[in-house]
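Asks: Okay, here's the structure, questions in a sec.
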Amino acid sequence: MNVKQDERNIKADIKRAVRTEAHFGCAVCGNPIIEYHHILPYHKVLCHEIHNLIAVCPTHHYKADRGMISKEQLYGLKKKPFNSVKENIKDDFFLGSYDKLEFKVGALSFIRTPNIFVVDDFPLISITRDESNNAIMNAKFFDNRSNLVAEIQNNEWITYFNEDQVWDIQYSGGKLKVNSKERKIFLELYANPEKNYVELKSNLFYKGHFFNIQPSKLTVGIERPKEPMQIMIMKGGKFTDCGNGIVLSSFAF
Ligand SMILES: [Zn+2]
């Protein structure tokens with residue numbers, strides 16, 4: 001039996017209940033990018049039950065796995081997660097309402113547009129709505145050899161090839177930063193809850209190309225030689241109710 005594999009196979013309705021209980025963030029710090037931690041270890045209980053699961057970010061998952069957060073503390077946090085405390089409410093529902101959210105990619109902005117960044121019909125960054133109409137994040141992180149090394153799937157953090165990549169995922173004051181080792185791959189989101197927008201900066205790989213997204217330009221290239229092959233300057237524009245945001249075709253570069 002592959003315990004590691006089974007550990008990940010938590011049913012969608014159980015995950016939904018656990019992340020709703022945590023008010024859609026890490027129970028310890030509010031980070032919207034979460035994993036599901038078994039308070040009594042999975043290899044002992046061999047089942048996924050709501051009362052034994054807690055939503056935590058990768059950093060606090062690491063600490064919980066190593067006993068740096070006690071089981072008693074975790075049970076306490078299930079009852080009173082970070083995002084349930086009134087003073088923390090500003091960071092609650094990180095991306096906010098799906099219908100209202102404006103997703104800024106440089107000078108372009110997209111509203112109710114699920115596929116934010118697409119290469120060859122493959123969405124690398126997308127936003128979907130959950131059962132409570134909150135916007136939730138999806139992103140695929142490939143390395144330069146086209147291996148899918150990690151992803152954010154409905155705000156859940158999933159890694160593959162653990163040995164190769166050391167990820168740093170930080171969240172505070174509406175800023176989410178996901179960085180691979182040496183920042184080769186990164187995704188940063190800056191939320192402005194008052195104005196209902198988030199802004200993206202990112203460096204992603206797909207099919208051996210890198211895509212560097214900055215506030216006013218998008219650079220596409222291959223890692224070696226380091227010279228970018230193509231730079232696109234973004235001019236302003238607001239798009240609402242589109243299926244796709246930025247769409248690139250690898251035939252073009
Ligand atoms: Zn956390």
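The values are calculated or read from the model by the stated rules, or taken from the named source; none is laboratory data. Bear in mind the structure is a predicted one, so any value in this text is a computation, not a measurement. No Cβ is skipped: glycine too gets one built from the backbone with ideal geometry, and neighbour counts run over all protein chains shown. SASA here: full protein model, heavy atoms, side chains in, ligands and nucleic acids out. Shrake-Rupley method; radii C 1.70, N 1.55, O 1.52, S 1.80 Å.
Asks: Which of the three applies to region 3-89, rounded, prolate or oblate, going by the alpha-carbon gyration tensor with a ≥ b ≥ c and a/c under 1.5 meaning rounded?
Replies: Judged from the Cα gyration tensor, region 3-89 comes out prolate (a/c at least 1.5, a/b above b/c).
Asks: Accessible area of residue 247, 1.4 Å probe, to the nearest 10 Å²?
Replies: Approximately 80 Å² of residue 247 is accessible to the 1.4 Å probe.
Asks: Skipping prolines and chain starts, which residues have an amide H placed within reach, meaning under 5 Å, of the one on residue 156, given they are 5 or more residues away or on another chain?
Replies: Excluding prolines and chain starts, which carry no amide H, the hits are 34.
Asks: With a cut-off of at most 15 other beta carbons within 10 Å, and DSSP calling the residue loop, which trypsin sites (Lys or Arg not before Pro) in region 33-120 qualify? Please list them.
Replies: Answer by residue number: 66, 100.
Asks: Pick out, in residue order, every one of the trypsin sites (Lys or Arg not before Pro) in region 114-160 that is DSSP loop and has at most 13 other C-beta atoms within 10 Å; say none if there are none.
Replies: Those satisfying the criteria are 145.
Asks: While we're on this one: With the cut-off at 31 Å, tell me which of the pairs 44/201; 15/63; 71/100; 78/184 have Cα atoms farther apart than that.
Replies: Working: 44/201 41 Å; 15/63 20 Å; 71/100 38 Å; 78/184 35 Å.
Over 31 Å apart, Cα to Cα: 44/201; 71/100; 78/184.
Asks: Turning to a different aspect of this structure: Calculate, for residue 70 and residue 9, the FRET efficiency according to 1/(1 + (r/R0)^6) with r their C-beta to C-beta distance and R0 25 Å; round to the nearest 0.05.
Replies: The computed FRET efficiency comes out at 0.40.
Asks: Once you list every other residue whose beta carbon is under 12 Å from the beta carbon of residue 138, what net charge do they have if Lys and Arg are +1 and Asp and Glu are -1?
Replies: Details: positive: 129, 140; negative: 130, 151, 156.
Taking every Cβ under 12 Å from that of residue 138, the sum is -1.
Asks: One quarter of the convex hull surface, Cα atoms only: what value does that give for region 102-252 in nm²? Write down the numbers at each step before the final one.
Replies: On the way: hull surface 36.9 nm².
The number I arrive at for region 102-252 is 9.2 nm².
Asks: Let me ask something additional. Give the ranking of 157, 167 by solvent-accessible surface, highest area first, calculated with a 1.4 Å probe.
Replies: Descending accessible area places them as 167, 157.
Asks: Once Rh is set to the Kirkwood radius over Cα pairs, what Stokes-Einstein translational diffusion coefficient, in µm²/s, holds for the chain at a temperature of 25 °C and a viscosity of 0.890 mPa s?
Replies: Value of D from the Cα-based Kirkwood radius: 129 µm²/s.
Asks: Excluding residue 18 itself, what net charge comes from residues whose Cβ is under 12 Å from its Cβ, given Lys and Arg +1 and Asp and Glu -1?
Replies: Counting the neighbours of residue 18, the net charge comes to 0.
Asks: For the charge dipole of the chain, defined by +1 on Lys and Arg C-beta atoms and -1 on Asp and Glu C-beta atoms about the Cα centroid, which residue among 113, 203, 128 has the Cα displaced farthest towards the positive pole?
Replies: Farthest towards the positive end: 203.
Asks: Report, for the chain, the % of DSSP beta bridges that are antiparallel, rounded to 5.
Replies: Roughly 85 percent of the beta bridges in the chain run antiparallel, per DSSP.
Asks: I would also like to ask the following. With each run of n ≥ 4 DSSP H residues scored as -39500 (n - 2.57), what mean residue ellipticity at 222 nm is computed for the chain after dividing by its residue count and rounding to the nearest 500 deg cm²/dmol?
Replies: Working: 5 runs with 37 residues, N = 253.
When only DSSP H runs of four or more count, the value is -4000 deg cm²/dmol.
Asks: Separate question: Could you give the DSSP H helices of the chain that reach 18 angstrom or more along their long axis (alpha carbon positions) and whose average Kyte-Doolittle hydropathy is no lower than 0.5? Spell out each step's value before the answer.
Replies: On the way: long enough: none.
Taking the DSSP H segments of the chain (at least 18 Å long, mean hydropathy at least 0.5), we get none.
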